[in-house]
1. Could you please report the charge total around V5, scoring K, R as +1 and D, E as -1 over all other residues with beta-carbon less than 11 angstrom from its beta-carbon?
2. For helix 57-71, report the angle its Cα long axis makes with the longest principal axis of the Cα atoms of the chain; keep it between 0 and 90° and round to the nearest 10°.
3. By how many degrees, 0 to 90 and rounded to 10, does the Cα axis of helix 13-24 deviate from the longest principal axis of the chain?
4. Among the GluC sites (Glu not before Pro) within region 1-52, which fall in a DSSP loop and have no more than 16 other Cβ atoms within 10 Å of their own Cβ?
5. What is the Cα radius of gyration of the chain over 2.2 N^0.38 Å, N being its residue count?
6. Between V52, V76, V36, where does the largest GNM mean-square fluctuation fall for the chain, given springs only between Cα atoms within less than 10 Å?
7. Over region 4-81, calculate the relative contact order: mean separation of alpha carbon pairs under 8 Å at least 6 apart, over the residue count, as a percent.
8. Specify the residue with the greatest mean-square fluctuation among L48, L29, L77, computed from a Gaussian network of the chain linking alpha-carbon atoms under 10 Å apart.
Amino acid sequence: MKKLVVITGASSGIGEAIARRFSEEGHPLLLVARRVERLEALNLPNTLCEKVNVTDQASLITAIEKAEAQFGPADVLVNNAGVMLLGQIDTQDAA
């Protein structure tokens, strides 16, 4: 069985294209984005779609744990979500 691939920001553009490619290669996928309906509309096999804001570390961890319980350990992370943090760099949360 192919390894689990986790893709953030998979609801459109580059993230969507990467998801389609890994799916074509037979990998199970965890797709996360704020727009879960767009993830589900991709209708990819062996795919878990979760509504996650990647700045919320707890919800991201929960989604990964759920996918790993279903598909086995994650082997690949495509960190594609667009995030812009405001403020001083020395006060930012590392997550």
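1. Values: positive: K2, K3, R21; negative: E25, D75.
That works out to +1.
2. Between helix and principal axis, roughly 10 degrees.
3. 30
4. On the way: sites: E16, E24, E25, E37, E40, E50; in loops: E25.
When the GluC sites (Glu not before Pro) of region 1-52 are filtered for loop state and at most 16 Cβ neighbours within 10 Å, E25 remain.
5. Details: Rg = 13.4 Å, N = 95, 2.2 N^0.38 = 12.4 Å.
It is 1.08.
6. Ranking V52, V76, V36 by mean-square fluctuation puts V76 first.
7. Numbers: 137 pairs, mean separation 31.2, N = 78.
The normalised contact order for region 4-81 reaches 40 percent.
8. Judging by the Gaussian network model, the answer is L77.
Computed from the coordinates by the stated procedures, all read-outs in this text should not be read as laboratory data. Bear in mind the structure is a predicted one, so any value in this text is a computation, not a measurement. All Cβ positions, even for glycine, are placed from backbone atoms using ideal geometry, and neighbour counts span all protein chains on display.
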